[in-house]
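For reference, the structure discussed in these notes is given below.
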Amino acid sequence: MTDGFVSILDGNTFVVSDGRGDIRPTEGMPTGLFSFDTRFVSTWTLTLNGERLSPLSVDDMQFFETRFFLVPGAATHYVNAKISVIRHRWVGASFNEEVTVLNHGERPAEIRVRLEIGADFADLAVINEPQQKKTGRLRHEITENSLRLIYERETYHRATVVSTTSPASIDPNGMTFDVVIEPQGSWGTSLHVESMMLGSRHQDLRLTIDPMQGRDRRRMRQELREWLDRAPRLSGSSDQLDRTYQRSLVDLAALRYRELTSTFRVPVAGLPWSATLFGRDSILTALQALPFTPELAPETLRFLGALQGTRIDDFREEEPGRIPHEVRYGESAAFEELPHAPYFGSVDATPLFVVLLDEYERWSGDVDLVRELEHETRAALTWLDEYADLMGNGYVWYERRNTRSGRENQCWKDSWDAISYPDGRLPSFPRATCEVQGYAYDAKLRGARLARLVWNDPALADRLEREAAELKERFNRDFWVADGEFYALALDGDGRQVDTLSSNIGHLLWSGIVPPERAGKIAEHLVGARLFSGWGVRTLTEGSARYNPIGYHVGTVWPFDNSFIAWGLRRYGFAEEAATIAESMIEAAQYFHGRLPSHFCGYDRALTKYPVRYPGAGSPQAFSAGAPLLLLRTMLGLEPHEGHLAVEPALPEGLGRVELLDIPGRWGRQDAFARGRVEVR
């Protein structure tokens, strides 16, 4: 449950309702049944004798299953309700709900049970934009036990079919059940909602790709048990760490889905706004989870490789070798009102693709995958030089070509005001953000390793290593802000420094582009009072004109960001600073029931005894679920080394004893043991 809303999901299909289990139009939160970017149920409201229900409790059973315990009218401790209601629901490819009404009284109860049903088939990508009007035709069909709601626009057909197991009076707006319940008796019905993406033969397109779409709860529970059993087992002194670890594994299981055009299971970015594939998010999540759920990496790499750009397309910002940013299946993408089928407007997914492939091979020894993806990896490396270097000076730049609906900022901080000078002015385009240069440096070195180790191409390896060395030298000359002793957030279109202090500098550490003699000052900034809130590293430093602790990318704390920052700090030997960040994240997670949201507010810890929620933050979010896993790897010092797993723990004292058993990799399975000895700040 998040901010009064309850969500259940299975990959790309999810339901968001209020605490009663009802679905009604709600400002600021997309409530409904969604699948592949379309809202198939927009109204789902249960009443008894015309009264809405009040919640007593919500049982969050599994990520795909929940129960609501309710009473008619206003809930009160002073009146013993004679009637109660249980709504038990679960979601797979379809949505199911069992409604049970219980009569606790001494007399028969005559009750009219009414379920209001509606489907607006809204596109999740534009659901909050009132100017987006439906131009297709909505109609309905009624049978003896079902209501079929249909939307048609040319060849784009979507349908919602609601059926019941109990006799009902069905009309275009819902179902009515007139029942008599005996004393101490009960009445119930099972409701089944099928969301259908209809092809030319009026068959659900998903079933042609994945016949397992209709798997039942028993199969889903078994899959979850198997997923958890394959992951390393964590035990130790910290209940907080254990709770967060288990929550992360379950959320990653929930966020995997099969794309419409393939059988690959890749992590969607998160709920509610991003329940689809984002290249950057999926890659970063797979990186975070490598020591725990390594199977995410090859699936993600294969799928993104299959979608890799092959041509020049300004509308989708596609280029040969470019890895896609986002894939959508809603109406706006289908009719090219949005460019997301797929959209390529990010500059970091492409170098990160190479980084993930190499890191996966280092862990797994899977050289077959490196051979399989040789063409895609070479194309990604070529893209860095031939298409990303807009200014011809060896940096990776971005400037959107689709000025109508493309992303203005194409780094991970992609909101419109995320890249700014200290005085608040916005820089000119094109822009080259600092962390992306680090990714490119890392990709070239890793590409060189793969070329020499697997592809038998020493000439390519030599060239990539030379280019990486030149990039590192150039970067440390042009991005270093000498009077502040940090790296500029970006270069503007005239090559001037955007000399703002930001969390981006932490990503430079895990990429390795920072010389050792400068790393200490970067570490000092990252855990200093201007960037570190006490709950984590803020996206933007206090003192900048655009700093705002509740600003999306200009002062909030992002757990994924912090996990990679901690990883980078540990790489350069700053174990205490890494432990400080790790412990703050684990402590923050407890205020979100063990589940870190996409981001939270950046207020100083001295002002709040708990991390402040950000309105509408994504939860669960894939790379936030992955953050505790990477932090655990960082604290235990887990690194593949010459075919073996190296373990060099540096835990905060507060975590006590930690045991991580059966860590998978090319070494088979190995254990790690540690005890907290690092004093955090």
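The values are calculated or read from the model by the stated rules, or taken from the named source; none is laboratory data. As the structure is a prediction and not an experimental result, all values here were calculated from the model. Note: ideal-geometry Cβ built from the backbone for every residue, glycine included; neighbour counts use all protein chains shown. Note: areas computed on protein heavy atoms with side chains; ligands, DNA, RNA excluded. Shrake-Rupley method; radii C 1.70, N 1.55, O 1.52, S 1.80 Å.
A few remarks follow.
- Computed from Cα atoms alone, the Kirkwood hydrodynamic radius reported for the stretch 41-164 is 17.2 Å.
- For the stretch 96-138, applying the loop criterion from DSSP together with a ceiling of 16 other beta carbons within 10 Å to the GluC sites (Glu not before Pro) yields 106.
- Other-chain or far-sequence residues with amide H under 5 Å of residue 612's (modelled H): 601, 603
- Relative to the dominant Cα principal axis of the chain, helix 374-386 is inclined by about 70°.
- Residue 666 paired with residue 27, simple spin-label distance in nm, labels 7 Å along Cα-to-beta-carbon: 5.7
- Structure-based [θ]222 nm, the chain - -39500 (n - 2.57) summed over DSSP H runs of at least 4, per residue, nearest 500: -9000 deg cm²/dmol
- About the centre of its Cα atoms, the stretch 31-106 shows a dipole size close to 160 debye [charges on the beta carbon of Lys, Arg (+1) and Asp, Glu (-1) only; nearest 20 debye].
- Given R0 = 22 Å, the distance between the Cβ atoms of residue 576 and residue 609 translates into a calculated FRET efficiency of 0.35.
- Once the 1.4 Å probe is applied to the protein heavy atoms, the chain comes out at 38 Å² accessible per residue.
- The chain, accessible surface, carbon-and-sulfur percent (1.4 angstrom probe): 47
- Axis angle, to the nearest 10 degrees, between helix 217-230 and the longest C-alpha principal axis of the chain: 20 degrees.
- A simple spin-label model places the labels of residue 459 and residue 367 2.2 nm from each other, with each point 7 Å out along Cα-to-Cβ.
- Loop-located chymotrypsin sites (Phe, Trp or Tyr not before Pro) in the stretch 349-428 (DSSP state not H, G, I, E or B) with no more than 13 neighbouring Cβ atoms inside 10 Å: 416.
- The stretch 219-271 and the stretch 379-439 have Cα centres spaced 33 Å apart.
- Each label point was placed 7 Å from the Cα along the Cα-to-Cβ direction; for residue 239 and residue 474 their separation is 5.5 nm.
- Highest-first packing order for the peptide set 193-199, 24-30 is 193-199, 24-30, based on the mean count of other beta carbon atoms within 10 Å.
- Trypsin sites (Lys or Arg not before Pro) lying in DSSP loop within the stretch 599-648, provided at most 16 other Cβ fall within 10 Å: 605, 609
- Highest-first arrangement of 323-332, 342-351, where packing means the average Cβ count within 10 Å: 342-351, 323-332
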